[in-house]
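What follows is a short report on a single structure.
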Amino acid sequence: MAEFQDYVILFLVCLVSTILVRAIFTKKKNKGHRPPSPPALPIIGNLHLISQLPHQSFHKLSTRYGPIMQIFLGSVPCVVVSNPEIAKEFLKTHETCFSNRFTNYAVHYLSYGCKGFLFAPYGNYWKFMKKICMSELLGGRNLDKLLPLRQQETLRFLRLLQKKGEAGEGVDVGGELLTLANSIISRMTMSQTSSESDNDVEEIRKMVIDTAELAGKFNVSDFIWFCKNFDLHGMKKRLKEIHDRFDTMMEKVIEEHEKERKRRKEGGEYAEFRDLLDILLEIHEDESTEIKFTRENIKAFILDIFMAGTDTSAITTEWALAELINNPHVMEKARQEIDSVTGKIRLIKESDLVNLPYLQAIVKETLRIHPTAPFIGRESSESCIVCGYEIPAKTSLIVNLWSMGRDPNLWKDPLEFRPERFISEENQLDVRGQNFQLMPFGTGRRMCPGTSLALQVVPTTLAAMIQCFEWKVDGTVNMEEKPAMTLPRSYPLVCVPVPRFNCVPSTV
């Protein structure tokens, strides 16, 4: 037995020595051709330097190693960028090399093997899916057509707040905002209203939270090659539960749509409104379509829409309200602007946003300090040279939006919540990916397709919450962040929404 242990120890010493020698020679060979890098350990690379909030760890490392650095997450090489000019080189000048997204095991499993839209590799299938998304759901004409739907769901949300406020009850603001976003997306994609599908909406709400958490959770198996087949964090059971819940729900909804489509076809009826699921089923049934569309493609696409359009907008609105509560002078200035437009006699509308520059500045300031996703993640499809550095194929690119939003070289007093910084003529930055200093929705061909919807829903919802209610909390609001794929708050924002006046109609 002792002899066997000696052999094991000898093997481990040889293995570690080999790795160390290889690392030293590789480092010497690449010196001057790769970005600066913190010292890496054998096998784990720089994983020991990364906390549960990776964007914060990357930010701390960048203050020492510069705005572009290379780190190794286990066996995965990564380039971390925290400067807008360097980000522009990667995301615009060399966009063709960085049009794929890095996907971890959780994302791959939940999205049916990346068969949806968000994480599909760049190519003909992705282009086809984006075309559907923009032409059938998120294009300007469709968003205008779906305005009454958004208004109805917002009124339901406000009436709930009013009822709670009149009773003096606290509200989990983030939870209710997520329900609102889920209701809007459910109706846009599957024609399901809150009253018709309370259980499904609640199920989707829980699923979105769980999916964002697990997709953003650190998993050793994603980064250390010989751990790939081990479930070291016990994630597989939870992933299977979420996947099975979503799959069961979607099968039920798809079957209902198929029955309704068959009934209309047999009766010679014409559907006045086709939701996204109807359109996806048409593509699935059409054998002549350029892309063969499976049932799994449909489910994965619907999941992508929920992930991209619900959790994100709810989180941004919740962070904005939290900042306003902690900065009452900003809240009061926004309320005066809104009252001057509505005259205190009607509820704010989406069409009023053009006359609310301060409110829009509040949203931009929120996205600067609390970007919906803390970083943009891409993967190089081929080797290239960027900013004089050699970037091998299969290198993960991390553009740290969170860090850029806190850079004192880019923003004066970056940790202060000051919407006024976006009011001046020279600083009215666009957030649609053209300015690399502030690009919360990404940029280029893989920019978030739901940007226009978000920039309608978030400020309108926030404006209504400011207009209709005083928000009472005990003390100041905690602003800690929680680990996830997006950037949720660590603690729920629980407030009592005290009605200012009755600006909510009694019926929809």
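The values are calculated or read from the model by the stated rules, or taken from the named source; none is laboratory data. Computed from a prediction, not measured in an experiment: that's the story for all the values here. Here Cβ is always computed from backbone atoms with ideal geometry, including for glycine, and neighbour counts include all displayed protein chains. Areas reflect the complete protein model, heavy atoms only, side chains present, ligands, DNA and RNA absent. Shrake-Rupley method; radii C 1.70, N 1.55, O 1.52, S 1.80 Å.
Here are the criteria: (1) within 29 Å of residue 280 (Cα to Cα); (2) modelled with pLDDT of 95 or more. Tell me which single one residue 161 does not satisfy.
Evaluating residue 161 over (1) within 29 Å of residue 280 (Cα to Cα); (2) modelled with pLDDT of 95 or more leaves (1) as the failure.
Only residues in region 58-70 that are under 16 Å from residue 374 (Cα atoms) count as the first member; pair them with residues that are open to solvent by 50 Å² or more (accessible area, probe 1.4 Å), Cβ under 7 angstrom, at least 6 apart or cross-chain, and list the lot.
Close Cβ pairs satisfying both conditions: 61/49.
Considering only region 214-235, state which residues are part of a helix (DSSP H, G or I), open to solvent by less than 40 Å² (accessible area, probe 1.4 Å) and out of contact with any strand residue (DSSP E or B) (no Cβ under 8 Å at 6 or more places or on another chain).
214, 215, 220, 221, 227, 235
Out of 291, 362, 348, report the one residue that is aliphatic (A, V, I, L, M), crowded, with 24+ Cβ neighbours inside 10 Å and not in a helix (DSSP H, G or I).
One residue alone meets the criteria, 348.
Answer yes or no as to whether residue 202 is surrounded by fewer than 20 Cβ atoms within 10 Å (Cβ to Cβ) and over 20 Å from the mean Cα position of the chain (by Cα).
No.
Restricting the first residue to region 471-486 and requiring it to be under 24 Å from residue 448 (Cβ atoms) and aliphatic (A, V, I, L, M), which pairs with a second residue that is open to solvent by 60 Å² or more (accessible area, probe 1.4 Å) and part of a loop (DSSP other than H, G, I, E, B) meet a Cβ separation below 9 Å and a spacing of at least six or different chains?
These pairs meet every condition: 484/217; 485/217.
Within region 403-417, can one find any residue that is under 21 Å from residue 92 (Cα atoms) and outside any loop (DSSP other than H, G, I, E, B)?
Yes, region 403-417 contains a residue that is under 21 Å from residue 92 (Cα atoms) and outside any loop (DSSP other than H, G, I, E, B).
Take residue 368 and tell me if it is modelled with pLDDT of 95 or more, within 23 Å of the chain's Cα centre (by Cα) and under 23 Å from residue 452 (Cα atoms). Show your work before the answer.
Working: modelled with pLDDT of 95 or more: yes; within 23 Å of the chain's Cα centre (by Cα): yes; under 23 Å from residue 452 (Cα atoms): yes.
Criteria met by residue 368.
Looking at 445, 432, can you tell me which residue is assigned to a loop (DSSP other than H, G, I, E, B), open to solvent by 20 Å² or more (accessible area, probe 1.4 Å) and under 18 Å from residue 308 (Cβ atoms)? Can you show your working first?
Values: 445 fails: assigned to a loop (DSSP other than H, G, I, E, B).
None of the others qualify; the one that does is 432.
Identify, by number, the condition in (1) open to solvent by less than 20 Å² (accessible area, probe 1.4 Å); (2) at positive phi that residue 268 doesn't meet.
If we test residue 268 against (1) open to solvent by less than 20 Å² (accessible area, probe 1.4 Å); (2) at positive phi, just (1) comes out false.
Among the residues of region 317-334, count how many are open to solvent by 10 Å² or more (accessible area, probe 1.4 Å) and closer than 25 Å to residue 424 by Cβ.
Within region 317-334, residues that are open to solvent by 10 Å² or more (accessible area, probe 1.4 Å) and closer than 25 Å to residue 424 by Cβ number 8.
As an exercise: evaluate residue 241 against (1) under 22 Å from residue 206 (Cβ atoms); (2) touching a residue at least 40 places away in the same chain (Cβ under 8 Å) and give the number of the one condition it does not meet.
Among (1) under 22 Å from residue 206 (Cβ atoms); (2) touching a residue at least 40 places away in the same chain (Cβ under 8 Å), residue 241 violates only (2).
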